[in-house]
Structure formats: C-alpha cells, structure tokens
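See structure below.
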Amino acid sequence: MTQERAKRVPTGVIASVIIGVLAAGGTGAWWAFRSAQTPNSQQAITTPNSPATNPSVQPGINQTAQGYWLRNTGTSLEVVPSAFTVNSDEPNVVVQTAFEQLLAGPTDNSVSSTIPQGTKLRNVRVQNDGVHVDLSSEFTSGGGSASMSGRLAQVVYTATTIDPNAQVWIDVEGQKLEYLGGEGVMLNQPLTRQSFKENFQL
C-alpha cells in the first residue's frame with residue numbers, strides 16, 4: 001500500500017505541473033496575440049484620418065489660359081498675352097473664362113483693348129472643327145480699320161488659347177460675321193492666327 005501511494009503522488013504532481021505549463025502557455029499565447037493585433041488596430045483607426053487617404057481631399061485641377069490685349073509700340077499695335085489660372089481642365093470652361101476676362105477689360109495701363117465696351121459673350125464652343133464664338137452686336141460698332149483689326153486679333157488669339165493652331169468661327173448675334181465695321185472689312189472664315197497675320201495689319 002505504501003509503495004502504491006508513493007507511485008500515485010508523483011503522478012498527481014506531474015499532472016499539476018503539466019496543467020500549470022499549459023495554462024501559462026495559453027496566457028502567453030493570448031498576450032502574444034493581443035500584442036500582434038494592437039498595432040493593426042491603431043493603424044485602422046488612424047489611417048482613414050490621414051490626408052493622403054481621405055477621399056474628401058482632392059488635388060486641384062488648374063489650367064493656364066491667356067487673354068490678349070494690344071500694346072502701342074509707337075508705329076503699330078502688338079498683341080500681348082496675359083496669363084491667368086482657370087480652375088478647370090474642360091476646354092469650353094477654359095475658353096469661356098478667357099473671354100470673360102477679355103471682355104471685362106484690361107487692368108494693366110500699359111495695354112489696351114479695341115473691343116467696344118459692353119460687348120458680351122453670347123456663347124463659345126470648342127468643337128472638332130475649331131472654336132465657335134458668338135458675340136453681341138456691340139462688337140461691330142465704332143472705330144476705323146485699325147480698331148477692327150485689333151479687336152479681331154484679340155478674339156482670334158484668345159479663342160485659340162488652348163490650341164494656337166485651331167480655327168476660329170465668329171458669329172455676331174447668332175449670325176456668321178462676314179464684314180466687320182463700316183469700312184466693310186471682309187472676313188474669310190474660319191480664321192487662324194496665321195491667316196490673321198497674312199491678311200491683316202495692326
């Protein structure tokens with residue numbers, strides 16, 4: 001009997017030791033699991049607040065456009081560009097904004113405009129065959145041949161701010177402009193920057 005009890009005691013002790021080891025191992029594994037998960041949990045919280053991944057933060061869309069004024073050199077007029085930024089890359093918006101700036105008049109005293117005050121942009125469209133500009137009737141009023149050539153240059157150059165080689169079609173009150181001014185300057189449309197240089201003088 002004594003020998004049997006002696007044998008049973010070590011068995012109980014061994015069982016207790018095994019249980020303790022397993023418990024300790026399970027606790028350690030649990031803490032290891034928590035430790036491994038904690039950084040990911042913090043990242044999941046902070047990442048959406050980062051500007052780089054915030055869907056509400058979008059990069060700006062900017063396009064440079066140019067309106068064209070006239071400068072007196074003493075012997076002639078020269079076409080002078082004035083650049084500004086348009087918050088859009090849509091061609092119709094860019095060209096329309098360029099004309100709005102042009103028709104508002106220059107803010108620099110070193111340049112001028114021969115486009116009559118009160119001229120309005122009725123419509124502008126960038127199409128496959130070129131840029132179509134429709135202006136109000138004020139565009140054709142007043143001024144001599146130099147004034148007519150100057151305002152024509154301003155319209156043609158401003159209309160081609162996106163593509164300098166584009167063709168330009170000019171309407172006044174929805175009708176194709178065939179003659180400009182009292183002297184009857186005839187226009188062969190479409191116009192381009194190159195055709196203006198070849199057929200008109202400033």
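Worth pointing out:
- Net length available on complete extension from Q194 to A83 is 37.9 nm, with 0.36 nm assigned per residue and the Cα-Cα distance removed.
- Computed from label points 7 Å out along Cα-Cβ, the spacing between T75 and N128 is 4.6 nm.
- Ranking by accessible area, most exposed first, for M186, M148 with a 1.4 Å probe: M186, M148
- Placed amide H near V185: partners under 5 Å, 5+ positions off or other chain: L180
- Applying both filters, DSSP loop and at most 15 other Cβ atoms within 10 Å, to the GluC sites (Glu not before Pro) of region 119-202 gives E173, E178, E183.
- Rg over Rh, two decimals, region 50-202 (C-alpha only, Kirkwood Rh): 1.04
The values are calculated or read from the model by the stated rules, or taken from the named source; none is laboratory data. Keep in mind that what you see is a predicted model, and the values were worked out from it rather than measured. Counting neighbours? That spans all protein chains shown, and the Cβs are built from the backbone with ideal geometry, glycine included. Heavy atoms of the whole protein, side chains included, go into the accessibility calculation; ligands, DNA and RNA do not. Shrake-Rupley method; radii C 1.70, N 1.55, O 1.52, S 1.80 Å.
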